[in-house]
Amino acid sequence: MNVPRTQIVNLALLRKPHLLRPNTVVLDTDSFHKKIALERKRTERSRKPFLLMLLDTSNGLPTPQNGKLLGEILPLLSLTTRETDVTGWYKNTSVGGVMFTEIERKDRTSIASTMLARASGILLGSLSREQFDQIAISFHLFPDDSDRDISQHTSDPALYPDLLGRDRARRVSSAVKRMMDIVGSVFALVILFPLFLTIAIAIKMSSKGPVFFRQKRIGQFGRCFVFLKFRSMYVNNDASVHESYVRKLIAGEAERQVSNGNGEGVYKLTSDPRVTSVGNFLRRTSLDELPQFLNVFRGEMSLVGPRPPLPYEVGAYDLWHRRRLVEVKPGMTGLWQVTGRNRVKFDDMVRLDVTYARTWSPWLDIKILMRTPRAVLEGAH
């Protein structure tokens with residue numbers, strides 16, 4: 001195999017580690033994941049994206065050989081980057097990574113193609129063709145919606161290794177949470193079946209249209225699912241009023257609305273002409289939310305978690321607001337519902353959702369579930 005001169009130079013460096021740049025550092029997995037999480041927060045402030053390049057051998061070479069080869073190659077890759085870029089183990093012995101920080105949006109394509117060429121050159125100079133073919137190189141941009149509507153695309157889990165690692169550490173608690181979801185949703189669907197029938201009859205008698213309202217919502221990592229509610233509005237209504245208010249709410253420009261004689265007011269639309277008389281009662285008492293037990297049973301939602309947003313809500317999000325979409329699965333009730341419930345601004349609601357995601361436990365879920373009925377009754381008056 002003919003090796004270009006630049007690759008020969010790289011190979012010489014690989015055989016003489018003392019020629020490497022003094023500050024060449026390959027971070028361990030935990031440190032690299034923390035760097036990625038830190039860079040996400042910096043990007044939220046600076047608006048300058050970062051690009052993560054991963055070299056994955058997990059489906060190819062045996063693990064000991066992976067570690068040896070990538071351990072030699074990663075320092076070489078770092079020689080082709082800026083001092084502000086970060087090289088490390090994304091996954092011990094099998095996946096290495098280089099993070100290119102604070103890039104310009106217009107440069108991301110050229111950086112990806114340049115680094116792909118450099119990485120391919122180094123790999124071809126160090127490995128046989130068979131070994132090279134077993135290494136997958138991928139690129140992951142944060143934020144990953146630079147030219148797209150995030151509401152139409154899922155977020156890239158590869159950009160959140162710290163969250164995935166946290167979930168693995170919580171494996172037992174996550175299993176308990178899912179068990180609570182299944183048992184709780186099945187129990188509620190069986191016990192509340194007569195109430196379901198009563199509400200269905202009332203809806204059909206009060207207005208034309210289906211009993212259930214189906215709506216596209218955004219779940220964890222931006223995955224879309226069909227959200228269920230009892231229909232509380234007339235069919236074929238205009239959603240532009242709600243969309244306009246939500247965009248103002250997210251931007252911090254919405255005014256409190258008077259609700260049920262509450263002088264303090266709430267951050268939600270009240271006296272909505274689209275809502276039927278039965279629907280108004282269902283909304284005040286949150287009975288319109290009961291069909292979401294089906295979403296919980298199917299695993300699209302949890303009993304406790306952030307409320308799943310609409311696509312046009314996500315389209316109006318600031319970058320840091322998107323944390324509530326990736327931290328945990330959406331839920332029927334949550335920390336915001338039992339503490340703020342439409343009386344806090346949107347930014348504060350997001351902070352409550354993020355706080356819950358970072359501190360949740362089965363016991364916290366139980367406490368929130370126990371406080372939910374009181375919060376519903378207080379909101380109905």
Query raised in the report: Going by the structure shown, is residue 86 out of contact with any helix residue (DSSP H, G or I) (no Cβ under 6 Å at 6 or more places or on another chain) and within 25 Å of residue 326 (Cα to Cα)?
Result: no
Query raised in the report: What is the residue count in the stretch 306-327 for residues that are β-branched (Val, Ile, Thr) and outside any helix (DSSP H, G or I)?
Result: 0
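Condition check ((1) buried (at least 17 other Cβ atoms within 10 Å of the Cβ); (2) assigned by TED's automatic domain parsing to the domain that holds residue 244; (3) closer than 26 Å to residue 161 by Cα; (4) at pLDDT 90 or above) across all residues:
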{"site": "265", "(1), (2), (3), (4)": "no, yes, no, no"}
{"site": "279", "(1), (2), (3), (4)": "yes, yes, no, yes"}
{"site": "291", "(1), (2), (3), (4)": "yes, yes, no, yes"}
{"site": "305", "(1), (2), (3), (4)": "yes, yes, yes, yes"}
{"site": "320", "(1), (2), (3), (4)": "no, yes, yes, no"}
{"site": "337", "(1), (2), (3), (4)": "yes, yes, no, no"}
{"site": "359", "(1), (2), (3), (4)": "no, yes, yes, no"}
{"site": "376", "(1), (2), (3), (4)": "yes, yes, no, no"}
Query raised in the report: If you scan the stretch 227-244, which residues turn out to be free of Cβ contacts under 8 Å to residues at least 60 places away in the same chain and either in contact with an Asp or Glu (Cβ under 8 Å, 6 or more places away or on another chain) or of a type outside the set (Ser, Thr, Tyr) (or both)?
Result: 231, 232, 233, 235, 236, 237, 238, 239, 241, 242
Query raised in the report: Out of all the residues in the stretch 46-58, is one or more modelled with pLDDT under 90 and over 30 Å from residue 106 (Cβ atoms)?
Result: yes
Report summary line: Picked from the stretch 203-243 (must be touching a strand residue (DSSP E or B) at 6+ places or on another chain (Cβ under 9 Å) and among the small types (Gly, Ala, Ser)), the residue nearest to residue 289 (Cα to Cα) is 232
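Look at the stretch 274-297 and say how many of its residues are in contact with a strand residue (DSSP E or B) (Cβ under 8 Å, 6 or more places away or on another chain) and either within 30 Å of residue 159 (Cβ to Cβ) or in a helix (DSSP H, G or I) (or both).
Initially, the stretch 274-297 is screened for residues in contact with a strand residue (DSSP E or B) (Cβ under 8 Å, 6 or more places away or on another chain), giving 274-276, 279, 282-283, 287-296.
Filter once more, keeping what is either within 30 Å of residue 159 (Cβ to Cβ) or in a helix (DSSP H, G or I) (or both): 279, 282-283, 287-289, 292-296.
So the answer is 11.
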Query raised in the report: Of all residues in the stretch 220-263, which are at pLDDT 65 or above and in contact with a His (Cβ under 8 Å, 6 or more places away or on another chain)?
Result: 222, 250
Query raised in the report: residue 349 fails exactly one of the following numbered conditions: (1) more than 21 Å from residue 272 (Cβ to Cβ); (2) within 18 Å of the chain's Cα centre (by Cα). What is the number of that condition?
Result: (1)
Query raised in the report: From 107, 149, which residue is modelled with pLDDT under 90, touching a Gly at 6+ places or on another chain (Cβ under 9 Å) and surrounded by fewer than 14 Cβ atoms within 10 Å (Cβ to Cβ)?
Result: 149
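The values are calculated or read from the model by the stated rules, or taken from the named source; none is laboratory data. Keep in mind it's a predicted model, so treat the numbers as computed, not measured. Cβ atoms come from the backbone with ideal geometry, glycine included; neighbour counts cover every protein chain shown.
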